[in-house]
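> The structure's right below; bear with me while I get my questions together.
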């Protein structure tokens, strides 16, 4: 399905053509948080930022965390980011309408918007061994705040009702219990789906159609 057809289905151009800007802080292969990286974070953002990035590294490096069941990993990661980071709009934090931060930028700033929460949770769960095909970054309309919103969703199986990891509420709930969210489309490193109700949706191609998302993935390898 072409971009024009997606736009005709009501998906905003600003969502499909995502402005992911280059990160100022490097991410190392397999998200290894080195002392050199911690030193750089501390020098540029202070000791609190260093502690947040260090805690993130410890979370991913712990063999006990990696041996947890997937649903326990969801709770661990969701709680970590929701309790560590403040919500701040891009325009106030970065002076830009849309800016997708890397997890290191996100943790270093100690602030970010719904997109940053979802991206950080996605890559952290992948690092903990949750299969990519079970995870999707999902754009929704949040009815109560009447605006576009992003969450991370987890599918135990292809046909199961996804679980929603959200920065708006602390509890992970099945999508059919989140009547306040209307799904629009979702993607991960392997594909792009237009939503159908609160299930998996219709696959419309590869996430490589979102060229700047692919750039972000490449920078994170």
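Where a number appears in this text, it was derived from the coordinates with a stated rule and is not lab data. Predicted, not measured: the structure shown is a model, and the values here were computed from it. All Cβ positions, even for glycine, are placed from backbone atoms using ideal geometry, and neighbour counts span all protein chains on display.
> Would you mind putting 150-161, 166-177 in packing order, based on average other-beta-carbon counts within 10 Å, highest first?
Most protected by this proxy first, the peptides run 150-161, 166-177.
> On a full-extension model of 0.36 nm per residue, what is the gain between residue 44 and residue 133, subtracting their alpha-carbon distance, rounded to one decimal in nm?
Numbers: separation 89, 0.36 × 89 = 32.04 nm, distance 3.56 nm.
Residue separation times 0.36 nm, minus the Cα-Cα distance, leaves 28.5 nm.
> Percentage of Cα-Cα pair distances in the range 99-168 greater than 18 Å, rounded to whole percent? Could you put the intermediate results ahead of the total?
Numbers: 970 of 2415 pairs.
Here the long-distance tail beyond 18 Å is 40 percent of all Cα pairs in the range 99-168.
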